[in-house]
Structure formats: structure tokens, C-alpha cells
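This report concerns only the one structure given below.
The values are calculated or read from the model by the stated rules, or taken from the named source; none is laboratory data. Because the structure is predicted, anything quoted here is derived from the model rather than measured. Backbone-built Cβ (ideal geometry, glycine too); neighbour counts: all protein chains shown.
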Amino acid sequence: MSKLRKQLEQAKAKYESARYPGNLANEVLGRRSSLRFYLGIGLSLAASVAIVIGLLRLMPDHSETIGGSGIAIVQPAPITSPTTELTFETPEVAAMPSADESMPELPTFPTDVPTMPSLSTESLSSFPAVPSMPDWNSTDTTNSAKEQT
């Protein structure tokens, strides 16, 4: 093997052997105590159950039962008839204006104004000049003649 090949393999072996001395995940994240984790979950569940029970006890009981049989007695609301007649007044509708009063006349186009501009040479002289590109395909005989002499 050549000297360069040996140097490359040594550098590769040195690169691959480089490792972190220890457990990086435990150092960064920290070790979780399983007892502490499960204790936290249990306390959270117990607190939520206690809140639900407390809220259920605070709610008033709206049903009366017959002899503990679980059948609720509900008294219907009494039906009362209205003592006065309900009347509705129809609103007065304003008179609609006629078409002549509501719509103004449409403007008309003047007849003395031309619809297209005139194309005279005087009007075209005000346009700027457009530059033209040189023709690269044509051969210049005057320059080639001067170069040959």
C-alpha cells in the first residue's frame, strides 16, 4: 500500500473511534425516577376525581321521586291564555317615485370630438426614435479589405 493510503486509513480509524465518554442522553435529559413519575400520574387522577365528585355534590337535585323508586315527578307548567288581543300594525309604505323622477338622464357623447387620433406625420414626430440593432450576419467588405492590405 502507498503511504497516502495508510495515512487515509489511519485518519479514518481515528475518526470512527472518537466517542463521547459516557451516556449523553442521561446527562442531557436527566434520569427519571419511575416512582416519582407514577406518583405524579396517580395524584393527578385523584385530584380530577375529587373535583368531579365535588362538582356533582354542589349541583342541586331537580327531581322528586316516588318512594325511592327512581321515577321522577314533573309538574307541568300551567297554561295561561292571553288577556289582551295581539294586534299588529302594518307599516305605511312610502310612495315609489316614478322612473322619470328617480333616474337622471344619461350623458351623451359629444359629436365634435374624434374617436380616433389622426395619423399625420406631425403627430408621429413626437415619438422617440427606436434604436436598431446591428446586423451580425452581414459581412463588412470595407473592413475586410483594409485588413488584407
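State whether one or more residues within the stretch 104-111 are at negative phi, modelled with pLDDT under 70 and of a type outside the set (D, E, K, R).
Scanning the stretch 104-111, I find at least one residue that is at negative phi, modelled with pLDDT under 70 and of a type outside the set (D, E, K, R), so the answer is yes.
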Quick one: how many residues across the stretch 1-12 are of a type outside the set (D, E, K, R) and surrounded by fewer than 10 Cβ atoms within 10 Å (Cβ to Cβ)?
3
Go through the stretch 10-68 and count every residue that is at pLDDT below 90, among the β-branched types (Val, Ile, Thr) and outside any loop (DSSP other than H, G, I, E, B).
2
